Amino acid sequence: MRALRFAACAALACAALPALAVPQVFLVQNSGWMEPFYTDPGSRYKALVTELVLAVAQPGDPMVLAAFNQSRPGAPSPRALLSFKFDAKTARQSVSGALAGLELARKPGSSAYADTDLNEAVSSAVGSALGGKPGLVWLITNNRNSPNNDQETARRNREFYELIHRGGAITRALAFPLQMPVAGTHYKANGLMVYVFAVGDEGARDLKALVASGAIARVITEPPARLKPLDQDTVRLVPRKVSDAPGVSFAMGQGGMLLANVDAAAKTPAAKIEWQLENTMYPYTIASATISARSKLGGEDRKIELGERTVRALAPGKSAPLSSQMTLPVKQLPGAWSMAAIGSAGSAYVMPGQIELRLDGQRLELSQAFRARMAALFPGDPLPDIFTPPAQIKTSVARLPLQVRVHYGVGPLVALIGGGLLLLGALAAAALAFGRPRKVQLTVEDELRTMQARAGTTQPIFDKAGNKVAQLKTTIFGSELIDLREGAQVRLGR
């Protein structure tokens, strides 16, 4: 019944939530292998869980806190301790209160401590607590994956890793190895591991945003070890120097975006760019890979010429120089007299795009520094072996957002405004001339007459006897006689 209540509590917590709420499940291990974390008076295990929940949750997020070991008849696992929508005012008391009464689990009808099944805990959280919907699953464990007290922990840990890497529901996974020396009656331990698994594409975006916000780092200062994915965002490009680029300059913008500022007068906006190629795949060293790059901008897909075609022995967090020749799509840039340019006068016309860097034949190795840290935290545990990247991952792609800004002067805009004003003046003058009456002198049978005429009118002309002998047609350009009767003595002027 407790396992059913675990799923039911999670379902209730996830119902009627704001669209931006992030469901999160926290799995806290309480099997026998955790004995020193519960019995050592100096243990900070429960305090760590409390602070982690408070750091990563936002108001309104649905939260499930559950204890896990290995499910047995009459003792299901995981077991829900708390299910609620996060409220910063009450969360600390609620979480610490739920953890205060948590003790080591024992097998039903026995004094023996319960065993551990990491696969069961994570699968239950993804399938039951989240119901397969997007969210985050946190697992706080000592990494002793030993169902039925199985001593083949290496094989069990490998099975757990297979679940993470090959499970389609889990889209992103991180691990935080933490130092926490504790000593109990039966065991001693130097540290534990905090995992976080993102479920679904939305969960992956939430996890990336959470890491970027620094919320996790307020509690866990260790860098996250990436488990999944290992084929995306593996490296980062940082421009170091730009040369041979008259009218073109590059800079880094917010969010890692590359900004290319182009003068409208630049005839061939191309540049030689010196980059720093940084490995962002902690804890993996890029042992070797073949690299290629392309720019995708303004509907054009162009190859970027690289000075180096391979990368070798690039440790996590380290950089290597990379030179390139990059040409911007001239044909796609608006002309100085185009409406796009005139509309951007005094500011910049913005063209979004991206640079795509591809690593083929990628071979990753777990860094020696990480192996040493794992050996210190989990002595005798073959854990580092399970960080071996899946054999099928041979290619990775890193994308750098690119924004080209073409700066146009105000000359064309001023000229256009001036031309418009001249045209308006001419039209106004024409309208005035069209509407103003003018005097027209004409002679009829040696009699001088003066007529008032407006542009666009036609007036009849009569002789002394009252006979119509012609018509006076007036335009903005002048007047003329039309329909002149044969023999009539009518002329313009004297």
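The values are calculated or read from the model by the stated rules, or taken from the named source; none is laboratory data. Keep in mind the model is a prediction, meaning the values are calculated, not measured. Virtual Cβ from ideal backbone geometry, glycine too; neighbours counted across all protein chains shown.
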Residue check, Leu364 at pLDDT 80 or above, in contact with a helix residue (DSSP H, G or I) (Cβ under 8 Å, 6 or more places away or on another chain), not assigned by TED's automatic domain parsing to the domain that holds Asn190 and not in a helix (DSSP H, G or I): no
Tell me, which residue of the range 69-104 that is closer than 18 Å to Ser43 by Cβ and in contact (Cβ under 8 Å) with a residue 60 or more places away in the chain is surrounded by the most Cβ atoms within 10 Å (Cβ to Cβ)? Leu99
Taking the condition surrounded by fewer than 17 Cβ atoms within 10 Å (Cβ to Cβ), at pLDDT 90 or above and hydrophobic (A, V, I, L, M, F, W, C), does Ala209 pass? yes
Going through the range 143-200 one residue at a time, which ones are farther than 17 Å from Pro389 by Cα, among the small types (Gly, Ala, Ser) and modelled with pLDDT of 80 or more? Ala169, Ala183, Gly184, Ala189, Gly191, Ala198, Gly200
Test Leu139 against the stated conditions and say whether it is buried (at least 20 other Cβ atoms within 10 Å of the Cβ), among the hydrophobic types (A, V, I, L, M, F, W, C) and in contact with a strand residue (DSSP E or B) (Cβ under 7 Å, 6 or more places away or on another chain). yes
Any idea how many residues of the range 105-124 are surrounded by fewer than 17 Cβ atoms within 10 Å (Cβ to Cβ) and aliphatic (A, V, I, L, M)? 1
Complete set of residues in the range 294-316 that are under 23 Å from the mean Cα position of the chain (by Cα), closer than 22 Å to Ile393 by Cβ and either of a type in the set (D, E, K, R) or at pLDDT below 90 (or both): Arg294
Do we have Ala470 as in a loop (DSSP other than H, G, I, E, B) and either at negative phi or touching a Leu at 6+ places or on another chain (Cβ under 8 Å) (or both) here? no
Subset tally (residues that are free of Cβ contacts under 8 Å to residues at least 60 places away in the same chain, within 18 Å of Val122 (Cα to Cα) and among the charged types (D, E, K, R)) for the range 174-220: 0
Go through the range 125-136 and give me each residue that's buried (at least 23 other Cβ atoms within 10 Å of the Cβ) and more than 18 Å from Arg166 (Cβ to Cβ). Ala129, Leu130, Gly135, Leu136
